[in-house]
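Visitor: Quick one: structure below, then a few questions.
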2 protein chains.
Amino acid sequence: MAHDEFSLIRQWTSRSNGQEGDGLTVGLGDDAAVFTPAPEMEVVACCDAMVETIHFLKKTMNPSDIGYKAVMSNVSDVAAMGGYARYALVSIAVPPQWTPKECQQIYDGIYHACELYGVRVIGGDTVSAPDALHLSVTVLGEVEKGRAIRRSQAAVGQIVFVTGHVGSSAAGLHLLLQQQDAGSIPPEWRELACAHQRPQAQVMAGRLLLASKACSSLNDVSDGLASELWEIAEASQVAITVDPQQIPIREDVRAYASHINKDPLDWAFYGGEDYQLVGTLEASRVDEVAKQFAANDIPFSVIGRVEAQAQAKVPSLSLLREGVQIPLPKAGFNHFGQRG
Amino acid sequence: MAHDEFSLIRQWTSRSNGQEGDGLTVGLGDDAAVFTPAPEMEVVACCDAMVETIHFLKKTMNPSDIGYKAVMSNVSDVAAMGGYARYALVSIAVPPQWTPKECQQIYDGIYHACELYGVRVIGGDTVSAPDALHLSVTVLGEVEKGRAIRRSQAAVGQIVFVTGHVGSSAAGLHLLLQQQDAGSIPPEWRELACAHQRPQAQVMAGRLLLASKACSSLNDVSDGLASELWEIAEASQVAITVDPQQIPIREDVRAYASHINKDPLDWAFYGGEDYQLVGTLEASRVDEVAKQFAANDIPFSVIGRVEAQAQAKVPSLSLLREGVQIPLPKAGFNHFGQRG
């Protein structure tokens, strides 16, 4: 890529949708952006990186999907604390074989995700890379002071829930890896590809859970249900049992799994990138919270319970299948069989 | 690198020096960190990426230098707004050929820089990379509400100043590129290598300038004086003239330049990564500010003036050499001759 083309990419980086005002004192054009959180709110900060060949291939994600998903994975981390996202800093390292047009498409995806969730790009860095494209996004959000939902407050007797459907993104990835290119996907499986390429962070669900004051732990499904529930079990020092019959899996995911002779539960537990929320809730408040989710058209499923640990200080995760507890290992999702 | 070794790196990432309290509500261990800026302060956010072969080679930087400098370049961006750094999020992408020991050393450098400047690591992401090591750091700092110093308020009649010495980092890089390895540097030039590998952000200088209320524009010297002064000239719509005799260049830098038959001003104007502060100041306040810098043992040099533009809306940067104005182009520093 010639130097002038690289300058173009820098211009897209500074195609900030951030204007001064509404909390933002200084936007792009200076060394750093300056903002004030809304009154009575704290700042939530998180950071996720996506690397070509490790987290995506050109075959599995269009350039705009890459930008979209890099923002979405961070918005999901903020949602998992009960907060909402406000600002993003985008660090991109572009190798020579990526064209300016592809880079522009990455930014199209970034800005699309930002617009969906009310996020402003307020800074970042654009550098070159020798080989693989790297995209690292920091998202800054807000949550009511002292109210962020953590992983560590799950307690015995509470129920385990999950929002939306799980396993869809992993099914989509499986499908995409079988194709020559994204254009060759049969129409009946298109939604699966979309679940992998355009997952939606559950900010509204997180806000409802925070407002309920009944949610004791929360995590987003970025590495698969098993990994997320293990994090809650360990942080809260509890035993969690899950009923596999209750795991919400889409019909097209079940159909595709059946088509390739696979158990869709594998995708639900060890897939990931669904960006649904999984957590624990006071049992006495479940009906009320479920009603609020229904009123907002957000699927909500009770999938398990928090039990007393069989041994003190030994957290665990088990499937309850026909009355028998089957331990569920934590091993997570490894993209393309590599370290994630 | 085997999977268990990669897990080790993740542990170093979470070797957070952040404890809850003192503004930090939630540290590592959840999806995101949560903090509250101090009363009457705003949040300053910036992000810088460093990529192997583009920003450093194993020959020019030890692993701990890489970690140190990735933090320092961001602390410097915060200093250039008149603020101070508080938190960092570290995103690292590690290729197979980097050993766990080298990764640990990168983190040693990160934590060393953080300790020097009172910064807490509150999050990040650790992923693998196929080829080159990438390190992207976001630093969050604080600055008094509405007081951040920008680039755009320089006005005719004001003086141009710079803190410390410039050109030292570029001299050090030149030296390091000539050596087989860092160990083979002659003792008399060791400080030059150090200037490239361990530059120090000028937070105290930025705080003095903010407190003075006399500083109208500020930038940090990350890309060389010419590039930084051009940014001020353009943002403020002014003409800047600089006296080359007044540029503060260290004696060892002059000696090394003479040794290799080079003009050290080239390093000062087109080097970079000195992380000194350059800006403009009300002329009537210069003596007072210079005294405050002297009282804090921070070198401070008046190097030029803000002049009226010869043509309306045409910002410019010139050297004033023996009464003659010589236009100074903005072309910045390109590491190893590549795009930066």
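Visitor: For residue A:253, are the conditions met, namely being aliphatic (A, V, I, L, M), farther than 30 Å from residue A:187 by Cβ and in contact with a helix residue (DSSP H, G or I) (Cβ under 9 Å, 6 or more places away or on another chain)? Let's see the steps before the verdict.
Guide: Working: aliphatic (A, V, I, L, M): yes; farther than 30 Å from residue A:187 by Cβ: no; in contact with a helix residue (DSSP H, G or I) (Cβ under 9 Å, 6 or more places away or on another chain): yes.
For residue A:253, the condition - aliphatic (A, V, I, L, M), farther than 30 Å from residue A:187 by Cβ and in contact with a helix residue (DSSP H, G or I) (Cβ under 9 Å, 6 or more places away or on another chain) - is not met.
Visitor: Of all strands (runs of 3 or more DSSP E) completely enclosed by the range B:222-340, which ones contain at least 2 residues that are out of contact with any Ser or Thr (no Cβ under 8 Å at 6 or more places or on another chain) and among the hydrophobic types (A, V, I, L, M, F, W, C)?
Guide: B:300-307
Visitor: Identify, by number, the condition in (1) over 20 Å from the mean Cα position of the chain (by Cα); (2) surrounded by fewer than 24 Cβ atoms within 10 Å (Cβ to Cβ) that residue B:242 doesn't meet.
Guide: Tallying (1) over 20 Å from the mean Cα position of the chain (by Cα); (2) surrounded by fewer than 24 Cβ atoms within 10 Å (Cβ to Cβ), residue B:242 fails exactly one: (2).
Visitor: Restricting attention to the range B:141-199, and to residues there that are more than 14 Å from chain A (Cβ to nearest Cβ) and assigned to a strand (DSSP E or B), which single residue is surrounded by the most Cβ atoms within 10 Å (Cβ to Cβ)?
Guide: B:162
Visitor: Among the candidates A:69, A:58, which residue alone is closer than 23 Å to residue B:126 by Cα, free of Cβ contacts under 8 Å to residues at least 24 places away in the same chain and of a type outside the set (S, T, N, Q)?
Guide: Checking each option against the conditions leaves just A:58.
Visitor: Now a separate question. Do you know which of the residues in the range B:200-221 that are assigned to a strand (DSSP E or B) and either touching a Gly at 6+ places or on another chain (Cβ under 7 Å) or of a type in the set (Gly, Ala, Ser) (or both) is farthest from residue B:115 (Cα to Cα)?
Guide: B:216
Visitor: Please go through the range A:186-218 and pick out each residue that is more than 30 Å from residue A:306 (Cα to Cα) and among the hydroxyl-bearing types (Ser, Thr, Tyr).
Guide: Matches in the range A:186-218: none.
Visitor: Among the residues of the range B:61-77, is there at least one that is under 20 Å from the mean Cα position of the chain (by Cα), β-branched (Val, Ile, Thr) and part of a loop (DSSP other than H, G, I, E, B)?
Guide: no
Visitor: In the list A:136, A:168, which residue meets the criterion of being touching a strand residue (DSSP E or B) at 6+ places or on another chain (Cβ under 6 Å) and closer than 30 Å to residue A:107 by Cβ?
Guide: A:136
Visitor: Only one of B:274, B:223, B:297 is within 20 Å of the chain's Cα centre (by Cα), at pLDDT below 95 and among the acidic types (Asp, Glu). Can you tell me which?
Guide: Working: B:274 fails: at pLDDT below 95; B:297 fails: at pLDDT below 95.
Among B:274, B:223, B:297, only B:223 is within 20 Å of the chain's Cα centre (by Cα), at pLDDT below 95 and among the acidic types (Asp, Glu).
Visitor: Only one of A:166, A:156, A:127 is over 16 Å from residue A:272 (Cα atoms), modelled with pLDDT of 95 or more and of a type in the set (Val, Ile, Thr). Can you tell me which?
Guide: Answer to the selection: A:156.
Visitor: Within the range A:72-80, is even one residue at pLDDT 95 or above and away from chain B (no Cβ under 12 Å)?
Guide: Yes, the conditions are met somewhere in the range A:72-80.
Visitor: Has the range B:157-168 got at least one residue that is under 23 Å from residue B:43 (Cβ atoms), touching a residue at least 60 places away in the same chain (Cβ under 8 Å) and under 14 Å from the mean Cα position of the chain (by Cα)? Show your work before the answer.
Guide: From the range B:157-168, those under 23 Å from residue B:43 (Cβ atoms) are none; that's our starting set.
The answer is no, given that none of the residues of the range B:157-168 is under 23 Å from residue B:43 (Cβ atoms), touching a residue at least 60 places away in the same chain (Cβ under 8 Å) and under 14 Å from the mean Cα position of the chain (by Cα).
Visitor: Residues B:113, B:85, B:93: which one is at pLDDT 95 or above, outside any loop (DSSP other than H, G, I, E, B), facing chain A (nearest Cβ under 7 Å) and crowded, with 24+ Cβ neighbours inside 10 Å? Write out each step before concluding.
Guide: Numbers: B:113 fails: facing chain A (nearest Cβ under 7 Å); B:85 fails: facing chain A (nearest Cβ under 7 Å).
Result: B:93 is the single residue among B:113, B:85, B:93 that is at pLDDT 95 or above, outside any loop (DSSP other than H, G, I, E, B), facing chain A (nearest Cβ under 7 Å) and crowded, with 24+ Cβ neighbours inside 10 Å.
Visitor: I'm told residue B:53 meets every condition in (1) surrounded by fewer than 21 Cβ atoms within 10 Å (Cβ to Cβ); (2) more than 7 Å from chain A (Cβ to nearest Cβ); (3) polar (S, T, N, Q) except one. Can you identify the failing condition by its number?
Guide: (2)
Visitor: Sort out which residues of the range A:116-134 are out of contact with any Gly (no Cβ under 7 Å at 6 or more places or on another chain) and more than 7 Å from chain B (Cβ to nearest Cβ), and write them in order of number.
Guide: A:116, A:117, A:118, A:119, A:126, A:133 - these are the residues of the range A:116-134 that are out of contact with any Gly (no Cβ under 7 Å at 6 or more places or on another chain) and more than 7 Å from chain B (Cβ to nearest Cβ).
Visitor: Name the residues in the range A:200-223 that are of a type in the set (A, V, I, L, M) and buried (at least 24 other Cβ atoms within 10 Å of the Cβ), would you?
Guide: A:201, A:205, A:209, A:218, A:221
Visitor: For the range A:224-237, state whether one or more residues are surrounded by 20 or more Cβ atoms within 10 Å (Cβ to Cβ), within 14 Å of chain B (Cβ to nearest Cβ) and β-branched (Val, Ile, Thr).
Guide: Scanning the range A:224-237 turns up at least one residue that is surrounded by 20 or more Cβ atoms within 10 Å (Cβ to Cβ), within 14 Å of chain B (Cβ to nearest Cβ) and β-branched (Val, Ile, Thr).
Visitor: One residue is enough: does the range A:177-196 have a residue meeting the conditions among the basic types (Lys, Arg) and in contact with a strand residue (DSSP E or B) (Cβ under 6 Å, 6 or more places away or on another chain)?
Guide: no
Visitor: Continuing with this model, one more query. Consider residue B:130 against the criteria (1) touching a His at 6+ places or on another chain (Cβ under 6 Å); (2) outside any strand (DSSP E or B): it satisfies all of them except one. Which criterion is unmet?
Guide: (1)
The values are calculated or read from the model by the stated rules, or taken from the named source; none is laboratory data. These numbers were taken from a predicted model, which means no experiment stands behind them. Positions of Cβ are generated from backbone atoms using ideal geometry, with glycine treated the same way; all protein chains shown enter the neighbour counts.
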